[in-house]
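The values are calculated or read from the model by the stated rules, or taken from the named source; none is laboratory data. No experiment lies behind these values; they were computed from the predicted model shown. No Cβ is skipped: glycine too gets one built from the backbone with ideal geometry, and neighbour counts run over all protein chains shown. Heads up: the accessible areas ignore ligands, DNA and RNA and are worked out on the full protein's heavy atoms, side chains in. Shrake-Rupley method; radii C 1.70, N 1.55, O 1.52, S 1.80 Å.
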Amino acid sequence: MGYVIALAGKGGTGKTTLAALIIRALKEKKMGSVLAIDADPNSNLGEVLGVKPGDNVGVILDRISVAPDKIPAGMAKERFIQLQVQTAIQEENGFDLLSMGKPEGPGCYCYVNNVLRGLMTKLVKDYDYIVVDNEAGLEHLSRRTSRFADILIVVSDASSIGLKSAKRIIELVDALKFEVKKSFLVINRFNQDILKDKIKETGLELLGSLPLDAQIEQLSLSGKSIFDLKPDAQILTALNLLGEQIWKHH
């Protein structure tokens, strides 16, 4: 069974960057096979990882839901959906990427979502690590993916709004009855003046913080991938200090 690392947080907190950094670390440390899942329609995990976009699951589900007659004669509908979704997995050097996207069509997705949930359960068994970059509303976790994670990292900045969002996310996890073995808060661009009681109000244990790194900002501006980040980058050093809690099985 793969080890599932899920990330969530409001936009702009550095959630996708942290997901990409974790994927880079798993690859470089040769921890095993890695499946990266971009489950946030508004994020660009593939771009941050330097992957050219391919078909996403949302596009595939649109095609199937509006044209079910396209299923080949003699092939079970469930099998057809599974094969189509598997074609969306992009094989890269050291990791695979699956982008969920978002359905836009008028079709009914209940059945295909159930099939997709079953496929995701199978995929979890096929990889050593699964890193899931979620949207703040956790839509994909609730509708299309298995409702569990070995570790959930809620990412925030040091703002009051960011921390309130972190609190809402963990409340949503509880309300949706996700099976999460461990939950942590990671704060990007940490401000030492932040009040400890604000962190405590989130109900999350603070795993640590990541510094503002000029190299990250430069990569983003130049459109380069996380793998172009120099090995001695301050943010990589900080992440490795947290790594034992993030990617080591307990």
By residue number, the members of the stretch 84-102 that are in a loop (DSSP other than H, G, I, E, B), of a type outside the set (Phe, Trp, Tyr) and under 18 Å from the mean Cα position of the chain (by Cα) are ALA88, ILE89, GLU92, GLY94, MET100, GLY101, LYS102
Tell me whether the stretch 159-172 contains one or more residues that are surrounded by fewer than 19 Cβ atoms within 10 Å (Cβ to Cβ), of a type in the set (Gly, Ala, Ser) and either closer than 17 Å to LEU18 by Cβ or in contact (Cβ under 8 Å) with a residue 60 or more places away in the chain (or both).
yes
Selection within the stretch 4-39 - more than 17 Å from PHE227 (Cα to Cα) and open to solvent by less than 20 Å² (accessible area, probe 1.4 Å)
VAL4, ILE5, ALA6, LEU7, ALA8, GLY9, THR13, ILE37, ASP38, ALA39
Out of the stretch 47-67, which residues are modelled with pLDDT of 80 or more, hydrophobic (A, V, I, L, M, F, W, C) and out of contact with any helix residue (DSSP H, G or I) (no Cβ under 9 Å at 6 or more places or on another chain)?
VAL59
Exactly one condition in (1) surrounded by 14 or more Cβ atoms within 10 Å (Cβ to Cβ); (2) not in a strand (DSSP E or B) is false for LEU152; which is it?
(2)
(1) farther than 22 Å from ALA238 by Cβ; (2) out of contact with any strand residue (DSSP E or B) (no Cβ under 8 Å at 6 or more places or on another chain); (3) outside any loop (DSSP other than H, G, I, E, B) all hold for LYS198 apart from (1)
Hits in the stretch 95-126 (condition: at pLDDT 85 or above and open to solvent by 40 Å² or more (accessible area, probe 1.4 Å)):
LYS125, ASP126
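Would you please name the residue that is surrounded by the most Cβ atoms within 10 Å (Cβ to Cβ), looking only at residues in the stretch 49-88 that are among the hydrophobic types (A, V, I, L, M, F, W, C) and free of Cβ contacts under 8 Å to residues at least 12 places away in the same chain?
Restricting attention to the stretch 49-88, the residues satisfying the condition of being among the hydrophobic types (A, V, I, L, M, F, W, C) are 49, 51, 57, 59-61, 64, 66-67, 71, 73, 75-76, 80-81, 83, 85, 88.
After this cut, where a residue has to be free of Cβ contacts under 8 Å to residues at least 12 places away in the same chain as well, the list is 67, 71, 73, 75-76, 83.
Details: ALA67: 11, ILE71: 15, ALA73: 4, MET75: 10, ALA76: 9, LEU83: 12.
Residue satisfying both the conditions and the ranking: ILE71.
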Matching entry among LEU185, LEU176, LEU212, LEU219 (being open to solvent by 60 Å² or more (accessible area, probe 1.4 Å), within 21 Å of SER43 (Cβ to Cβ) and of a type in the set (A, V, I, L, M, F, W, C))
LEU212
